[in-house]
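The values are calculated or read from the model by the stated rules, or taken from the named source; none is laboratory data. Just so you know, these numbers come straight off a predicted model, no measurement behind them. Please note: Cβ atoms are built from the backbone with ideal geometry, for glycine as well, and neighbour counts cover all protein chains shown. Each accessible area value is taken on the protein alone, full model and side chains, heavy atoms only, with ligands, DNA and RNA left out. Shrake-Rupley method; radii C 1.70, N 1.55, O 1.52, S 1.80 Å.
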Amino acid sequence: GPLFSNIVYADNFPLLPPRLHHLVLQAMQEGIVDVAGEHWAVPQPFTLFASQYVTEESERVEPTLEAHDDRFLFRIAVPFPTYHDEFTMADVLTDKKPAEQSPASVLSREEFARLQQRVYEVSAPAPVIHHAVRMVRATRVHEGENPDFIFEWVYRGAGPRAIHGLVFAAKARAILDG
C-alpha cells in the first residue's frame, strides 16, 4: 500500500494502529516490511514525514512511544498560522480560482538516491563527531555534563541515533555546499 512510495506521510503517527505503526518503523529502520510472511523492500529513496497532534489520546499514548522518538531526524513544532495566513488559506481553498502551476521538480528520484549515497563517501572529521556526541549528551537530563537550562527545557534527552542523524545531516549539508 502507501508504504511503497518514495515519500510517505503518516498522519498523527502516535495514533496509528499498532500493526501499521510497526510496519512504518520497520520500513524506516530496515528498508523492508513483512506482510503475510513475505519480505517486501520499500522503494529507495524512502523518506517518511509524520505529524503528531497533541490531544488527550496522544498524551496517553506518547509515553509508550519514547523509544521511537530517536528514529526521526527532526521534530518541528508548527504553530498556528497568523491571521493573514489563515485568511489567505480560506480565500484560496474556498474559491474556484485557477490552480497555480505545479512546482517544478528539483531532482529526479535517481539523483536524490545518488545524493543519499554520497553521504557515505564524505568523511566526518573527529571534531565534528565529538561535537555531535557532546550536543546529544547535553540533552540528557540524567547526565552530569549538561547545562542547568536542560533540566528546565528538556523533557527527554536524545538517544544514540541522534548522533548518527546529526553527522549525516552535517555531511549532507557539506555536499550541498560543495
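In the chain, the sites counted are GluC sites (Glu not before Pro) in DSSP loop states with at most 13 other Cβ atoms within 10 Å, and the longest stretch holding none of them, exclusive of the sites, is 1-99.
Determine the relative contact order of the chain: mean sequence separation of Cα pairs under 8 Å and six or more apart, normalised by residue count, in whole percent.
Numbers: 140 pairs, mean separation 33.1, N = 178.
Dividing the mean separation by the residue count of the chain yields 19 percent.
List the longest stretch of the chain that has no exposed loop site; here a site is one of the chymotrypsin sites (Phe, Trp or Tyr not before Pro) assigned by DSSP to anything other than H, G, I, E or B, with at most 15 other Cβ within 10 Å. Answer from the scan: 75-154. For the chain, the share of alpha carbon pairs falling in successive 10 Å distance bins from zero is 7, 24, 32, 27, 9, 1 percent. For the chain, the membrane-span-like helix rule (DSSP H, alpha carbon extent of at least 20 Å along the helix axis, mean Kyte-Doolittle at least 0.0) picks out 160-176; this says nothing about an actual membrane. Averaged per residue, the chain has 76 square angstrom of accessible surface, using a 1.4 angstrom probe with ligands and nucleic acids left out.
Bridge orientation summary for the chain: considering DSSP beta bridges with both residues in this region, about 50 percent are antiparallel. Hey, what number do you get for the chain at 222 nm if only DSSP H runs of n ≥ 4 count, each worth -39500 (n - 2.57), divided across all residues, to the nearest 500? About -13500 deg cm²/dmol.
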